[in-house]
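Encoded as structure tokens, the structure appears first; notes follow it.
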């Protein structure tokens with residue numbers, strides 16, 4: 001069958017369907033009275049922060065040295081103290097020799113600063129990263145406990161997995177913050193990351209268990225027959241092979257974790273979702289903001305899944 | 001070298017109890033080649049797996065060089081390092097190259113340096129005739145080549161005894177010969193061997209003694225001469241008639 005010949009009608013059909021859906025969405029939105037204000041969005045990524053520089057004492061302006069767009073202003077206090085300030089040249093409000101009182105504005109300094117969307121994204125990313133590492137450790141331990149065959153260990157792991165998988169993450173976050181957090185005086189960030197890690201850890205544990213059990217028994221037997229101990233065989237033989245197999249489900253779990261991290265906004269952690277909500281209260285542009293926030297999550301998760309795809313192909317050399 | 005006394009292995013599960021090995025006593029002397037034959041389900045594979053404790057004994061004792069492996073105080077890892085095992089399914093480590101398959105346990109268990117381990121590995125790979133494949137992954141090798149690597153991997157530990165659990169049963173017929181040749185060479189060099197196999201030719205040619213097992217018990221023991229020319233038991237006669 002010549003697939004190249006038969007593919008283009010389907011591509012066309014796909015394009016038509018997508019265009020129809022987009023047009024439908026566009027049509028529905030146009031019927032309601034909503035004013036799109038996309039021009040307001042960029043400032044929430046980066047904005048030029050204006051930082052007023054004020055003299056910290058009573059004194060005089062000793063010297064102004066212009067260098068390109070900024071100038072360096074030397075200030076001398078009555079007690080002989082020296083302070084240098086970097087000010088944007090156009091905004092200098094003083095001249096050499098002028099006498100100033102404490103708190104007078106010397107000039108302004110403008111700097112590009114990340115807006116709430118970027119700081120929110122950063123919070124989401126580092127919270128997810130820390131929670132992922134912890135989840136991997138927790139899941140590995142719990143998964144290994146499940147396969148050891150020791151009754152106590154495997155029961156403990158099973159209870160943990162059952163409790164976590166049987167309750168909603170949102171409720172777990174509330175319990176972690178309002179109950180456990182109050183008892184142990186935990187910071188909201190610690191409670192949030194802890195809840196996310198425990199939640200994802202339960203799923204990772206099941207993935208790890210399935211991965212280990214998918215490795216043929218003969219591998220463990222061969223390793224043991226060579227005199228390797230159980231931990232050595234696990235570390236050198238079973239886990240590397242299992243890891244390769246569980247990489248796809250594991251990455252799916254971490255992508256879920258990034259998305260689930262949006263729930264920590266309910267305990268007032270200013271992640272990407274919370275930032276979006278805060279921006280909306282001041283802009284009344286919910287459509288634009290939520291679409292942008294969704295797109296930002298999508299970018300992060302797509303980058304991660306592409307990276308895993310690359311990793312999978314690199315690990316496939318021994319197949 | 002190996003002494004088994006009244007060994008039994010009972011599998012239980014779902015209300016069914018199977019006496020896979022039922023009161024077997026046998027011995028393998030130093031430099032002796034003992035071949036275990038018998039119909040499938042006779043417990044011969046289970047028995048050989050008991051010898052290095054891959055199956056825990058349900059009863060009886062097995063002594064390797066005088067050490068009882070059924071004793072809880074025995075360090076099984078130490079014993080297993082002295083007992084090489086070759087499996088029906090090869091069980092090479094698929095994520096490691098041929099060379100790494102041979103060096104890993106040498107370094108981890110025998111605590112050899114990488115250099116010494118590699119030297120030993122190369123020598124053995126040459127010996128089994130696959131020196132040029134050392135950087136390949138097992139999946140790129142034929143069944144016969146994989147099994148020869150598996151033999152070399154076991155030999156790399158300098159074992160006192162080699163156990164073979166149906167080493168040629170999973171091979172395509174044209175590859176059986178190359179593996180048997182390696183085993184014959186080992187036997188000639190004086191390796192102590194216990195071999196579970198269906199290769200009657202090998203048993204006849206290489207074995208010092210043949211054990212015939214059926215239904216978990218040893219039915220008859222003898223030299224190949226005795227075994228293939230004038231077997232005593234009816235069960236043995238029937239089996240030989242079916243396979244020869």
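Values in this text are rule-based calculations from the coordinates and carry no lab data. What you are looking at is a predicted structure, and each value in this text was computed from that prediction instead of being measured. Here Cβ is always computed from backbone atoms with ideal geometry, including for glycine, and neighbour counts include all displayed protein chains.
Miscellaneous remarks
- Subset of the stretch B:83-96 (residues that are surrounded by fewer than 21 Cβ atoms within 10 Å (Cβ to Cβ) and more than 8 Å from chain A (Cβ to nearest Cβ)): B:88
- For residue B:150, the conditions (1) surrounded by 19 or more Cβ atoms within 10 Å (Cβ to Cβ); (2) within 12 Å of chain A (Cβ to nearest Cβ); (3) under 19 Å from the mean Cα position of the chain (by Cα); (4) farther than 14 Å from residue B:85 by Cβ all hold with the exception of (4).
- Selection status of residue B:162, under 29 Å from residue B:3 (Cα atoms) and more than 14 Å from chain A (Cβ to nearest Cβ): no
- Positions within the stretch B:42-63 being outside any loop (DSSP other than H, G, I, E, B) and either away from chain A (no Cβ under 14 Å) or more than 23 Å from residue B:212 (Cβ to Cβ) (or both), in sequence order: B:44, B:47, B:59, B:60, B:61, B:62, B:63
- In the stretch A:177-231, of all residues being exposed (fewer than 15 other Cβ atoms within 10 Å of the Cβ) and at the interface with chain B (Cβ under 10 Å from one of its Cβ atoms), the one that is farthest from residue B:138 (Cα to Cα) corresponds to A:230.
- Qualifying residue in the stretch A:239-247 (condition: out of contact with any helix residue (DSSP H, G or I) (no Cβ under 8 Å at 6 or more places or on another chain) and within 13 Å of chain B (Cβ to nearest Cβ)): yes
- Of all the listed residues (A:47, A:39), the sole one being under 39 Å from the mean Cα position of the chain (by Cα), in contact (Cβ under 8 Å) with a residue 12 or more places away in the chain and within 30 Å of residue A:293 (Cα to Cα) is A:47.
- Within the option set B:129, B:177, being outside any helix (DSSP H, G or I) and away from chain A (no Cβ under 14 Å) holds for one residue only, B:129.
- Selected residue (criterion: farthest from residue B:173 (Cα to Cα)) from residues of the stretch B:198-214 that are touching a strand residue (DSSP E or B) at 6+ places or on another chain (Cβ under 6 Å) and outside any strand (DSSP E or B): B:208
- Evaluation of residue B:76 against the conditions (1) at the interface with chain A (Cβ under 10 Å from one of its Cβ atoms); (2) crowded, with 20+ Cβ neighbours inside 10 Å; (3) under 30 Å from residue B:26 (Cα atoms) shows that the sole unmet condition is (2).
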